[in-house]
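Engineer: Pasting a structure below so you can have a look.
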DNA sequence: AGCGTCACAGCAAGCGCTTTCTATGCGATA
DNA sequence: TATCGCATAGAAAGCGCTTGCTGTGACGCT
């Protein structure tokens, strides 16, 4: 049988209550007693029973982090930053919390199921990262779930995700629209007039916002967009590769390709090269996010840097109640245009 | 107050026991009764209390995944694969399990603390990924912890980590030594005789094994290694950049640089280019792991592909008891040499 | 000396669920 | 028709911990 609190109490010749108090350090215990208890704990190799303590105390030390794709550094970086603030072992004082990274794979159902699972575990906080699905019924379901979580005392923070009104959730949102617009304006400024756009999956807020920014820039400069210039895909390299070939097929006269994110942009570069086109002499390419590898592309990728680490850290702190939420519960985080070698003036 | 099992029972006019049985589906319940209960659950919006049920049933649906750096795709990819097999929502039948990804940051203490936390939560299984620290006392502490976990019924699986003898842990190990050797032999075969090596952090099994493979290749071909040719660093791009400059300073006549992993290799490429050297005409570069972005480097990176996804999936299945452990509890997974553009014959 | 005040420590009542054991009603069997 | 077995449902005893409340000496106060 495993060792219980009572065993430790017996060995230390005190009551279970005292052992509990020593372990939680939230009640005065004489130094000599404490020491005796600690020794017993050590000798018996006692490990607290988490579920039992969570049940009795009606609190848990679990913090949920929902990501769309943990294999994507975009989420990995945010998750890492959040977790480092959550505490976990090595964190600052206070209870040690267990960060639970949940991989939804971009599926609405899994997102919902994970939220229920976290609710079931009475999680102390939940951080949702990245874009949300725009499917209406699902959005409503998520919103209602978030509200319930918040009502139950779970702190809910959205990081890099648009605000969910009326849910009591704090939102740190990326200005995807602004970034997208700035990026395209940079290209237009270089003289481009025929721009392809490789979007992410439809029905994702991130996808829509970036695309809206792109179109706003076109419109602001009186460029009429050709519907053939937009292709939807996934947020990965292969999708960028295929979409670029498709774009080239539809209109070989394009002089620039704007991608939904950096991975897609890398795929685009590969496709262009394989098609015998030079970057940026023949076609300029731009990405989004500025992930670590983007600077290593050749030529280095022009992109919009999102402060993933900083945003994640802040979300983590807010989730832990260690930082004031922004006024109104909403903060918009802007990206920064990084002009690098992959963008240049259009060919003749 | 939150809704409890008893509330549901009252509403459905049955005993709490029956509700529990309906929810767990592990005991015959008349269809009509079941339906009544389910309706009550729905109407009351009832959510099971995880800790309470874990306490009573003495089991938990948590599965821990320990990674050194979640922001690194190497771990992200494995974690993703493991998690997809763990089930979680969307997984196949059986209890829904919550995968807990724990980021140790490569710190021995955090690793240990996380293991204790998981032990406290009575985790159903634990998967440790990536190389282990070679610090003797720490290794012993981890081993003893793993043994205790195993004794307590937690399934322990090592993925991409050397076997921990006498702990009852199943190990899926990468053949880092073999891969390192093959890689260097490829370079030697091309004619290189002066090879720099950028290693990872010292006291890591992965670092040591890859380096040993490299040295074995040199020795097998009668090349005497110059101590100046090895530099230790971290497993990231920046480290690769700096180490390469250092290598170049120490011996400008090197014709090839072998890096501890792909990120490091990318940093090395950048440093070489910034130093005015062409790849592979002036210096060949090789990485390890074959992460998705490695093929996008220009020239594409010669490296050793590790089947991260497959290994992770297998580890996940074993952790869930859905696949037989390998005979002896140990399986070695070989990497595959990927020869690409970044390696070529040495310059004059 | 008498009494209020502390600083500790223990008692015992749960926290919300699972599960063993014990009814109970019914059709099947002899 | 009496008996047995089966399919269901309930009663109740925990699971291992936390915590409000209740002692109980030792001290300091008037």
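Engineer: Where does each of A:39, A:97 land when they are ranked from fewest to most other beta-carbon atoms within 10 angstrom?
Structural biologist: A:39, A:97
Engineer: Here's a follow-up. Counting pairs of alpha carbon atoms under 8 Å apart in space and at least six apart in sequence, what relative contact order in percent does the range B:164-228 give?
Structural biologist: 42
Engineer: Out of B:157, B:126, B:41, any idea which swings most in a Gaussian network model of chain B, alpha carbons joined below 10 Å?
Structural biologist: B:41
Engineer: Determine the shielding of peptide A:110-123 by partner chains: average, over its residues, the number of Cβ atoms on other chains within 10 angstrom of each Cβ.
Structural biologist: Mean partner shielding for this stretch: 5.
Engineer: Return the whole-Å distance between the Cα centroid of the range A:193-254 and the Cα centroid of the range A:301-348.
Structural biologist: 22
Engineer: Going 7 Å from Cα along the Cα-Cβ axis for the label, what nanometre distances separate residue B:152 from the same residue across the other copies?
Structural biologist: 2.4
Engineer: Using a/c under 1.5 as the rounded threshold, could you call the range B:41-199 rounded, prolate or oblate? The axes a ≥ b ≥ c are square roots of the C-alpha gyration tensor eigenvalues, and prolate needs a/b larger than b/c, oblate otherwise.
Structural biologist: In terms of gyration-tensor shape, prolate.
Engineer: Quick check on chain B: take the gyration tensor over C-alpha atoms, sort the square-rooted eigenvalues as a ≥ b ≥ c, and tell me if it's rounded (a/c under 1.5), prolate or oblate.
Structural biologist: Here chain B falls in the prolate category.
Engineer: Against the 2.2 N^0.38 Å scaling, with N counting residues, where does the range A:5-48 land? I'd like the Cα-based Rg ratio to two decimal places.
Structural biologist: So the Cα radius of gyration is 0.96 times the expected 2.2 N^0.38 Å.
Engineer: Going 7 Å from Cα along the Cα-Cβ axis for the label, what nanometre distances separate residue B:31 from the same residue across the other copies?
Structural biologist: Residue B:31 label point versus its equivalents elsewhere: 7.2 nm.
Engineer: Would you work out the relative contact order for the range B:176-305, in percent, from Cα pairs under 8 angstrom that are 6 or more residues apart?
Structural biologist: Rounded, it is 24 percent for the range B:176-305.
Engineer: Starting from the 7 Å offset along Cα-to-Cβ, what nm value, one decimal, do you get for the label separation of residue A:139 and residue A:347?
Structural biologist: Computed distance between label sites residue A:139 and residue A:347 equals 4.1 nm.
Engineer: Mind checking the alpha-carbon convex hull of the protein assembly as shown and giving the volume per residue in Å³?
Structural biologist: In the protein assembly as shown, the Cα hull volume divided by residue count equals 180 Å³.
Engineer: If we hang a label 7 Å off Cα along the beta carbon direction at residue B:330, how far is it from the matching labels on the other copies, in nm, shortest first?
Structural biologist: In nanometres, ordered from closest: 5.9.
Engineer: With a/c under 1.5 counting as rounded, go ahead and sort the range A:176-305 into rounded, prolate or oblate using the C-alpha gyration tensor (a ≥ b ≥ c being the square roots of the eigenvalues; past the cut-off, prolate if a/b is larger than b/c, else oblate).
Structural biologist: rounded
Each reported figure results from applying straightforward, stated rules to the coordinates on display, with no laboratory input. Owing to the predicted nature of the structure, the values given are computational and were not obtained by experimental measurement. Because the Cβ atoms are built from the backbone with ideal geometry, glycine has one as well, and the counts that use them run over all protein chains shown.
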